[in-house]
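Novice: Quick one: the structure is below, and I'll ask about it shortly.
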Amino acid sequence: MPLARSLSVTSLSGLEEWDEEFDLEDAVLFEIAWEVANKVGGIYTVIQTKARLTAEEWGENYFLVGPYVESNVRTQVELIEPTNPILKRTIDKMNSSGCKVYFGRWLIEGSPYVVLIDVAFTAWSLDRWKTELWDLCAIGVPWFDREANDAVLFGFLTAWLLGEFAAQSEDPPHIVAHFHEWLAGLGLVLCRERQLSIATIFTTHATLLGRYLCAGNVDFYNNLAKFNVDKEAGDRQIYHRYCLERAATHCAHVFTTVSQITAIEAEHLLKRKPDVITPNGLNVKKFQAVHEFQNLHAQSKNRIQEFVRGHFYGQLDFNMDKCLFLFIAGRYEFSNKGADLFLEALARLNYLLRVNHSDVTVIAFFIMPARTNNFNVETLKGQAVRKQLWDTAQTVKERFGKKLYESLLHGQLPDVSKMLDKEDFTIMKRAIFIIFHPEFLSSTSPLLPMDYEEFVRGCHIGVFPSYYEPWGYTPAECTVMGIPSISTNLSGFGCFMEEHIADPSAYGIYILDRRYRGVDESCNQLTSYLFQFCKQSRRQRIIQRNRTERLSDLLDWNIIYLHVTWLLRRPFLMPSSSVPPSPALSRHSSPRHSEGEDNDEDERYDEDVEAEKDRLNIRQPTSLPFKNKLSLSQTTSGDEESVTSMQSSLGSSIFMSFSSQFCLSTRKLFLRDLCNLKTNV
């Protein structure tokens, strides 16, 4: 199944020309997600980082809806009285009917309004609502699946909130509801079933079945079209979750996903082609340090070095000045996140460093939260020393006992060189050390007291060889902090950077091929990337970090907004709406790779000149000019016939879709379509 680019835009209805003067003042946007003020995974980062821009555009008419978690509310939310009179009446009506709904401001940049629903308080309705869900959709949710039960409660309460808001409105309301992931998707299904006058959007950041299949070590991407999705979901006991996800996908007026690779996955597993792809962005301003990021790297690196000195106390036999820090971070999904491939690549890298007599030592950090047992620090220290002494004694006994006995029988002192075999010398000469940190990084940790951002700045390269990664915030965060990273062509981030940069590796973005290569070949490629990185001089790494940091603007939410706007205009440039476009390659040449560009450490390096060269190699799709309607005078003679044919087939309607992540000008173009959609569409 080829990874061809799919069309990003489809028409929702055959309306005539858009009214660009459509007033947004009476339109209300609800964004619903389980991770609103409730950090569970990457969706929290998506919503948090773009909340400021959305709040600026929608003002008092933007409301985030999430679950009420008391521990989070105490530190993240300021509870206040609703400022919107309609919403105040809605919340009062629900609270008087046996619910607990809270209103406040989320204490993040932009201070957006949040509506938090206490799902536990209405748990008494769970059986009744599950029966209603079965009668409506024939979806049965087992009693032991707590997460799915929470999704049922949250879905019914969300639909209740939206329905009550529409009922309390005096005039016909213009409501847009944007739902994220299957945990919030049931609310969308109920809105459509109850024929509420609400335009709905559903965004999937990853598919349930895709995550489970990849974790099961199947050849996922080569068999997408062959999976019996119902059987696969049933075999993994997630059929009810899959049905909720698929129902939301097909009931939504607009279906979006975050990357091209996930769009292909959704088309095969959820049986609907996404209407538009909306890449994730970051609040780059938060990470910007202008010319200080190199100094911040040095400061954070010193703190990591202090930790390493303490961690390897008594066995520190390597030069810290020749030490490189690598790291992998994410969920504890061994195969999906590529931890298995990383471990094997480290073993092969160790061999290459030894046979090439390299003086470099590699410290690899695995930052993956896992279940742990907590001990008193002093007790843990004593147990560690005792166990290490016992293990050492047993090793001496097993490895050297017989040789020592034979030597003493001959009346000779033991010859150490003869007692140690080749394997023993290999262990003594290892160039790679691995540290597993089974919890999120925190400045309050007694072991490694550093925040994640500070830790990333102190490392030399992030390694993320994921097999399943719909987007990938970890390499994106490395990029905006000027830290090189290794990603894959199966991650949304990797595909995005490949499309917009002529030679990603020249900018410290190494793209590992896990799509068209086998595991062994991919491992060799990863080993090669790591080995070449280890051979770089300190000056070469500094130059590469400068180049990496220059890519930050590509990942800024402001740029992503404009990028999506440009993306929606692309169908007009295609010969036919049924023909998918091919990936666009950069029209610019690639700079010389930093690895071989300066063998002379004293060669003059002009950062401003290099920055200007680099900007020419970064493809900026948002810089392409366009107007609201396509003009034939703007096309080449070879395009006129195809454009005329398309305009004839499309009529005067504009094929566009919606996401709350778009800029204001784009919203004005298609909001009227969404708000006037008939409920029986």
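Novice: I'd like the full set of residues that are touching a strand residue (DSSP E or B) at 6+ places or on another chain (Cβ under 7 Å), over 20 Å from Val480 (Cβ atoms) and surrounded by 15 or more Cβ atoms within 10 Å (Cβ to Cβ), limited to segment 427-468.
Specialist: Within segment 427-468, Ala431, Ile432, Phe433, Ile435, His437, Leu448, Pro465 meet the criteria.
Novice: Would you pick out the residues in segment 321-347 that are part of a helix (DSSP H, G or I) and surrounded by 15 or more Cβ atoms within 10 Å (Cβ to Cβ)?
Specialist: Ala339, Asp340, Leu341, Phe342, Leu343, Glu344, Ala345, Leu346
Novice: Restricting segment 126-172 to residues that are among the hydroxyl-bearing types (Ser, Thr, Tyr) and modelled with pLDDT of 95 or more, which is nearest to Gly185 (Cα to Cα)?
Specialist: Only one residue tops the list, namely Thr158.
Novice: Let me ask you something else. Taking the condition of being under 20 Å from Leu213 (Cβ atoms) and within 12 Å of the chain's Cα centre (by Cα), how many residues in segment 465-480 meet it?
Specialist: 6
Novice: State all residues of segment 74-97 that are without any contact (Cβ under 8 Å) to a residue 40 or more places away in the chain and either among the charged types (D, E, K, R) or outside the structural domain of Ala120 (by TED's automatic domain parsing) (or both); if no residue qualifies, say none.
Specialist: Within segment 74-97, Arg74, Glu78, Glu81, Lys88, Asp92 qualify.
Novice: Can you give me the number of residues within segment 389-404 that are within 46 Å of the chain's Cα centre (by Cα) and aromatic (Phe, Trp, Tyr)?
Specialist: The qualifying residues number 1.
Novice: Given Ala159, Ala225, which one is touching a residue at least 60 places away in the same chain (Cβ under 8 Å) and small (Gly, Ala, Ser)?
Specialist: Every option except Ala225 fails the conditions.
Novice: Looking at segment 469-479, which of its residues are buried (at least 24 other Cβ atoms within 10 Å of the Cβ) and within 26 Å of Val308 (Cβ to Cβ)?
Specialist: Within segment 469-479, Thr474, Pro475, Cys478, Thr479 qualify.
Novice: Inspect segment 79-99 for any residue being among the aliphatic types (A, V, I, L, M), within 25 Å of the chain's Cα centre (by Cα) and closer than 21 Å to Glu35 by Cβ and give the result as yes or no.
Specialist: no
Novice: May I ask you to list the residues in segment 237-270 that are assigned to a helix (DSSP H, G or I) and free of Cβ contacts under 8 Å to residues at least 12 places away in the same chain?
Specialist: Once the filter is applied, which keeps residues that are assigned to a helix (DSSP H, G or I) and free of Cβ contacts under 8 Å to residues at least 12 places away in the same chain, segment 237-270 yields only Tyr239.
Novice: So which of Gln536, Gln532, Gln544, Gln525 is over 27 Å from Ile261 (Cβ atoms), outside the structural domain of Asn217 (by TED's automatic domain parsing) and either modelled with pLDDT of 95 or more or polar (S, T, N, Q) (or both)?
Specialist: None of the other options fit; the residue is Gln536.
Novice: Working carefully through the options Ile560, Ile511, find the one that is surrounded by 20 or more Cβ atoms within 10 Å (Cβ to Cβ) and at pLDDT 95 or above.
Specialist: The conditions single out Ile511.
Novice: Within segment 95-133, can you find the residues that are buried (at least 19 other Cβ atoms within 10 Å of the Cβ) and part of a helix (DSSP H, G or I)?
Specialist: Thr122, Trp129, Lys130, Leu133
Novice: Out of Ala248, Ala329, Ala289, Ala266, which single residue is modelled with pLDDT under 85, within 30 Å of Asp556 (Cα to Cα) and among the hydrophobic types (A, V, I, L, M, F, W, C)?
Specialist: Ala289
The values are calculated or read from the model by the stated rules, or taken from the named source; none is laboratory data. The structure displayed is predicted, hence computed values, not measured ones. All Cβ positions, glycine included, derive from the backbone under ideal geometry; neighbour counts span all protein chains shown.
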